[in-house]
Amino acid sequence: MEKAITFPTDSKLLECARKRLVRLAERNGFRLRQNYKRVAPRLAIQVGRYAHAKQSKRMKGLLSKLRTLVCRVWRDVDRHAQGLSDQRQEEAFKELSLVRRLLDQKKTDKKKLYSLHATEVECISKGKARQRYEFGVKVSVASTLREGLVVGMRAMPGNPYDGLTLDEAIEQAEILSGTRAHTVFVDKGYRSACPLGVRVGARDIWHSFA
């Protein structure tokens, strides 16, 4: 299930983080030394142009500069947040920790942050020719064969292998519908799945299990 987010580029995420920090400062009456509201958007746009032109050295240089500006704003907000009341301080530190996570993440990290407003988003590669990567959370949906009525739906965080989620999907569908499943139809992503007592069919390939 894809989330309603734009494609998460580094420049876009950094600019979004800067805006969130500036809004946090405005809500709490902070006076920042500089908010870079003119410089940072121009840098983010230029990063996209260099990426389109495949000029990686210039792009990386501007990304480093943009990250430095966001770090300056983060430190400024962090200093002011020390003097807030307990409730406001907790809210500010939650926002600061989220931006800090974005600033510290590396290219090779497994659990990366792809959206600041939907932190549960994961990068999923399904091998599609038209769309190599999708950003959301894997969801298992069970429906009846003839009527197409949905009898079960469950989010599967952590991007697990499809075959490992079949037992949970069947169990939930049986609990909600009150009916025992004898045969399930799945796609090839569920190959090698062996739920006990259920016959699994993948297109014209059938496997029987006692």
Log entry, pairs with first residue in the stretch 144-158 being without any contact (Cβ under 8 Å) to a residue 40 or more places away in the chain and over 13 Å from Ile175 (Cβ atoms), second being surrounded by 12 or more Cβ atoms within 10 Å (Cβ to Cβ) and not charged (D, E, K, R), beta carbons closer than 7 Å, six or more apart or on different chains, reads Thr144/Val151; Leu149/Ser143; Val150/Val141; Val150/Ser143; Met156/Val139; Met156/Ser140; Met156/Thr165; Pro157/Val137
Counting only residues that are at pLDDT 80 or above, over 19 Å from Ser11 (Cβ atoms) and not small (Gly, Ala, Ser), the stretch 132-146 contains a total of 7
Considering the stretch 127-143, residues that are free of Cβ contacts under 8 Å to residues at least 40 places away in the same chain and of a type in the set (D, E, K, R), and then whichever is nearest to Arg180 (Cα to Cα), we arrive at Lys128
A careful count of residues in the stretch 22-43 that are more than 24 Å from Arg88 (Cα to Cα) and among the β-branched types (Val, Ile, Thr) gives 1
Picking from Ser115, Ser140, the residue that is under 16 Å from Ile5 (Cβ atoms), surrounded by 15 or more Cβ atoms within 10 Å (Cβ to Cβ) and of a type in the set (S, T, N, Q) would be Ser115
Scanning the stretch 152-193 residue by residue, those within 27 Å of the chain's Cα centre (by Cα) and part of a loop (DSSP other than H, G, I, E, B) turn out to be Pro157, Gly158, Asn159, Pro160, Tyr161, Asp187, Arg191, Ala193
Output for Cβ contacts, cut-off 9 Å, separation at least six or different chains, first residue assigned to a helix (DSSP H, G or I) in the stretch 83-99, second modelled with pLDDT under 90 and surrounded by fewer than 16 Cβ atoms within 10 Å (Cβ to Cβ), reads Gln89/Gln82; Gln89/Gly83; Leu98/Thr119
Scanning the stretch 29-72 for residues that are among the hydroxyl-bearing types (Ser, Thr, Tyr) and in a helix (DSSP H, G or I) gives Tyr50, Ser56, Ser64, Thr68
The residue that is modelled with the highest pLDDT, considering only those in the stretch 80-108 that are acidic (Asp, Glu) and surrounded by 10 or more Cβ atoms within 10 Å (Cβ to Cβ), is Glu95
Check your understanding: Going by the structure shown, is Lys112 part of a loop (DSSP other than H, G, I, E, B), among the charged types (D, E, K, R) and in the same structural domain as Arg67 (by TED's automatic domain parsing)?
Key -> yes
Among residues of the stretch 7-21 being free of Cβ contacts under 8 Å to residues at least 60 places away in the same chain and crowded, with 18+ Cβ neighbours inside 10 Å, the residue nearest to Glu95 (Cα to Cα) is Arg18
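The values are calculated or read from the model by the stated rules, or taken from the named source; none is laboratory data. Since we're looking at a predicted model, the values are computed, not measured. Here the Cβ is made from the backbone with ideal geometry for all residues, glycine too, and neighbour counts use every protein chain on show.
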